[in-house]
2 protein chains.
Amino acid sequence: MYPEGCRTYVEVEQWGQRLCGATRPGHFRGVTTIVAKLFNLVSPDVAVFGKKDAQQALLIERMARDLNFNIRIVTCPIIREADGLAMSSRNHYLSPIERQAATVLYRSLMEAKRMIEEGERDALLIRKGMEKLFAQEPVVRIDYIELVDPETLNPVGRAQDGTLIAVAAFVGSTRLIDNWSVNAQ
Amino acid sequence: MYPEGCRTYVEVEQWGQRLCGATRPGHFRGVTTIVAKLFNLVSPDVAVFGKKDAQQALLIERMARDLNFNIRIVTCPIIREADGLAMSSRNHYLSPIERQAATVLYRSLMEAKRMIEEGERDALLIRKGMEKLFAQEPVVRIDYIELVDPETLNPVGRAQDGTLIAVAAFVGSTRLIDNWSVNAQ
């Protein structure tokens, strides 16, 4: 896939440095570059990406539009286990104790949902409410909890329709992510 | 061509900062981005670029290969006026005096050719020989004279088959470029 001397990168400026990009420098530049290569090799009519990787799906949509790829980008919903944990190949790395604790990502999003349904809109307070649940899980360490604009990934001060609540956490040594769009799920 | 909020760039790392890129920051990133967009919009089988813009042609070849564009990139030779001046839309900006002085770019390349044919290989001495001709043209200011590897654009210490001799100069306020490949023209 990478010819000798290759040095061309496709980059969606700034958006790749936020959220998951902050702890994974260069990651999204790698993603958009390899996906651009794949698009040129396959010339698909439609490409489907999962919403669990919300930032990835957004960057690829933006790239496809900006570079005039004639491809329809479809984002498909998160599929969950019975207890709410978002499905991911990484879940297999979890020990039984970690597997149980890992549901805190989903539970914290449902806590945010509950707060918003009860009228709370302040992003800081919603985050604090979510953090309380994480504080009860010693094997889980928060990477980030963010309320962002779904179009720009800019942090928002107040939750509103469409606001993306994104969370990333290390469960033991396994990094998991999840998200929920206000009023959309 | 540029949708609202667009922020995706295609960049050939490092190569875009050399030669013409040194005095035109961001220029080649703009070129590779717009050409990638054009490729996706048109889906051509073949794309033709002029060799006068040697760095541009090289970057686009590299981009097409690195990103798996299924397009054949053809570089066509420099077309010259009767007195050797490389044809360019910019030549129309030249006053009669500047137009006459502008031939120094071609003449300096032919001086390099003569020196090499007589056995000179030292890049520094070849550049000095070229600079002597420019010194006789008060309306012309050298931007750069470089002997580079045609595959990497790295400066070379000694000329050999295939070495690209590239020159850029301001003739009055008009910036012109020209180049010659050792033993290839």
Residues B:I60, B:I34, B:I73: which one is touching an Asp or Glu at 6+ places or on another chain (Cβ under 6 Å) and either in a helix (DSSP H, G or I) or within 14 Å of another protein chain (Cβ to nearest Cβ) (or both)? B:I73
So which residues in region B:39-49 are under 23 Å from A:R29 (Cβ atoms) and more than 8 Å from every other protein chain (Cβ to nearest Cβ), if there are any at all? B:F39
Cβ-Cβ distance below 8 Å, separation of 6 or more or different chains: which pairs start in region B:118-133 with a residue that is among the aliphatic types (A, V, I, L, M) and modelled with pLDDT of 95 or more and end on one that is exposed (fewer than 12 other Cβ atoms within 10 Å of the Cβ) and not in a helix (DSSP H, G or I)? B:A123/B:G157; B:L124/B:G157
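I need a count of the residues in region B:31-61 that are closer than 17 Å to A:L67 by Cβ and charged (D, E, K, R). Spell out the reasoning first.
Looking only at region B:31-61, we keep the residues that are closer than 17 Å to A:L67 by Cβ, and these are B:31-44, B:47, B:59-60.
Now drop any that are not charged (D, E, K, R), which leaves B:37.
Matching residues across region B:31-61 total 1.
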Report yes if B:K52 is more than 14 Å from chain A (Cβ to nearest Cβ) and surrounded by 17 or more Cβ atoms within 10 Å (Cβ to Cβ), otherwise no. yes
So which residues in region A:153-181 are over 27 Å from A:Q100 (Cβ atoms) and either loosely packed, with under 15 Cβ neighbours inside 10 Å or hydrophobic (A, V, I, L, M, F, W, C) (or both)? A:L153, A:N154, A:P155, A:V156, A:G157, A:R158, A:A159, A:Q160, A:D161, A:G162
For the subset of region A:103-124 comprising residues that are part of a helix (DSSP H, G or I) and β-branched (V, I, T), which member is farthest from A:D161 (Cα to Cα)? A:V104
Look through region A:13-41, keep the residues that are within 21 Å of B:S43 (Cβ to Cβ) and among the β-branched types (V, I, T), and return whichever of them is surrounded by the most Cβ atoms within 10 Å (Cβ to Cβ). A:T32
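Return the residue satisfying two criteria in turn: it lies in region A:4-31 and is over 29 Å from A:E81 (Cβ atoms) and small (G, A, S), and of such residues it is farthest from the other protein chains (Cβ to nearest Cβ).
A:G26
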Within region A:94-102, does at least one residue satisfy the condition of being closer than 16 Å to A:A166 by Cα and at pLDDT 95 or above? yes
Among the residues of region A:29-50, is any within 17 Å of the chain's Cα centre (by Cα) and within 23 Å of A:L109 (Cα to Cα)? yes
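The values are calculated or read from the model by the stated rules, or taken from the named source; none is laboratory data. This structure is a prediction, so every number in the text was calculated from the model and none was measured. Cβ sites come from the backbone with ideal geometry, for glycine too, and all protein chains shown count toward neighbours.
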